[in-house]
DNA sequence: TCATATAGTGCTCTTTTGTTCACTACTAAA
DNA sequence: TTTAGTAGTGAACAAAAGAGCACTATATGA
């Protein structure tokens, strides 16, 4: 349970966060001391001890720059040490390792709390409006888990005759269909002669205005 | 322009990333050396020099644990040092500083590339289906910028007679309306006697399955 | 008045950590 | 054969950085 911080402790925590954001690593005791005009490293250490006790940070013993900001502290807007950056892939194919993919167009930071173990995930920008009734709009980023294990009703990314498509997956009695979520499009029955494969299933969507 | 890494360089970069994810701070030269069975810190330094030259990392001079992984490197799945964690607020009111808000229900990591300067943003979980035609579904997380400067057509979070609502904003000739995006709901004309205020406007949406 | 908490000081010591130099060995390309 | 790049070794040195102790001053509550 996180208890209230004193004003000074809060200042110091905010400084650690902003230093870390700016520099990419945590400040040392002496850097904190210098910023606050504190002459003694022990004075800083007292504050860090208090912040640790109150659950805001973790400091490993005798490790330089070992201040780690804990996730989900009381602070309402914060930077934490837990995040995931996924590649935005412009083209995908089934079975190709993501790492071998040469069509990375950028990266997208997402909350790893929603990503299952393993890092065979990627992001894909939506083109087209065939899935708008599922709340999937053109320009959305889909977060996709690379897999070919799908269940009826899953939203999948599939490869069909050289094209990538996002649709609901349906397999009834061995007949595979890709079902749009837009009444302006018809379901696609996957012919036995089609070049068809599942690239992955949807984990989430991110849309930015 | 990032050039290809040797196998060894790639291994070392991957180690730095995973160490950093696990521990919350970068490894030291000696910790890298120990992992790879390299007896000399200079051997490690050579690799770090090469990674720096190829644009994958930045190492500040004479700074302990000063290895910073650069964003958007060639690596297709990676952890970076640039992310933002927003509070998920259960209740919001106009004009109340986010930091003073006591209804934080969790946090949501988002990509800061899509967030404008300043950190008066928060996340809100959607209840209801009044905006489904705008691709906003129950359970979605909205990323909201706290502001009362709105434009016709913006999706806003508003406070109306004690309730929080998400709707399109419309102001025609001084008559303010909140327009749903679901034909099952009627537009709300904001009466002059209503307690009404704008909490913020939408920046993005995140949905997880 | 006393005890406790907060916020330091001053200093020393220990440990961690990075830099540098001269060197070896191997591989590949010119 | 020579040159260049890669992948180190070994060692010393310098600097950064954390830990700990005895101490002071102030404020607050019992």
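The values are calculated or read from the model by the stated rules, or taken from the named source; none is laboratory data. All values derive from a computational prediction rather than experimental measurement. Counting neighbours? That spans all protein chains shown, and the Cβs are built from the backbone with ideal geometry, glycine included.
Among the numbered criteria (1) modelled with pLDDT of 90 or more; (2) within 13 Å of DNA strand C (Cβ to nearest atom); (3) surrounded by fewer than 19 Cβ atoms within 10 Å (Cβ to Cβ), which single criterion is violated by residue B:11?
Of everything listed in (1) modelled with pLDDT of 90 or more; (2) within 13 Å of DNA strand C (Cβ to nearest atom); (3) surrounded by fewer than 19 Cβ atoms within 10 Å (Cβ to Cβ), residue B:11 misses just condition (2).
Take residue A:106 and decide whether it is under 21 Å from the mean Cα position of the chain (by Cα), modelled with pLDDT of 75 or more and within 13 Å of another protein chain (Cβ to nearest Cβ).
Yes.
Looking for whichever is under 26 Å from residue B:57 (Cβ atoms), within 10 Å of DNA strand C (Cβ to nearest atom) and out of contact with any strand residue (DSSP E or B) (no Cβ under 7 Å at 6 or more places or on another chain) here; the options are A:29, A:5. Which one fits?
Result: A:29 is the single residue among A:29, A:5 that is under 26 Å from residue B:57 (Cβ atoms), within 10 Å of DNA strand C (Cβ to nearest atom) and out of contact with any strand residue (DSSP E or B) (no Cβ under 7 Å at 6 or more places or on another chain).
Going by the conditions given, is residue B:178 more than 26 Å from the chain's Cα centre (by Cα) and part of a strand (DSSP E or B)?
Judged against the criteria, residue B:178 is a match.
Of the conditions (1) surrounded by 12 or more Cβ atoms within 10 Å (Cβ to Cβ); (2) within 14 Å of DNA strand C (Cβ to nearest atom); (3) within 24 Å of residue A:65 (Cα to Cα), residue B:40 clears all except one; give me its number.
For residue B:40, the exception is condition (1).
Determine if segment A:85-93 includes at least one residue that is at pLDDT 80 or above and either crowded, with 19+ Cβ neighbours inside 10 Å or more than 9 Å from chain B (Cβ to nearest Cβ) (or both).
Yes.
Could you please give the count of residues in segment A:21-33 that are surrounded by 13 or more Cβ atoms within 10 Å (Cβ to Cβ) and within 14 Å of chain B (Cβ to nearest Cβ)?
9
Output the number of residues of segment A:113-146 satisfying the condition of being at pLDDT below 90 and in contact with a helix residue (DSSP H, G or I) (Cβ under 9 Å, 6 or more places away or on another chain).
5
Considering segment A:132-175 alone, what residues qualify as being in a loop (DSSP other than H, G, I, E, B), within 14 Å of residue A:196 (Cβ to Cβ) and touching a strand residue (DSSP E or B) at 6+ places or on another chain (Cβ under 9 Å)?
Passing the criteria: A:148, A:150, A:161.
Within segment A:50-63, how many residues turn out to be touching a helix residue (DSSP H, G or I) at 6+ places or on another chain (Cβ under 9 Å), surrounded by 14 or more Cβ atoms within 10 Å (Cβ to Cβ) and within 14 Å of chain B (Cβ to nearest Cβ)?
5
Being within 16 Å of DNA strand D (Cβ to nearest atom), at pLDDT 70 or above and in a loop (DSSP other than H, G, I, E, B), is that true of even one residue in segment B:39-47? It would help to see each step written out before you state the result.
Residues of segment B:39-47 within 16 Å of DNA strand D (Cβ to nearest atom): B:39-47.
Filter once more, keeping what is at pLDDT 70 or above: B:39-47.
Subsequent filtering for residues that are in a loop (DSSP other than H, G, I, E, B) retains B:39-40.
Yes, that holds for at least one residue.
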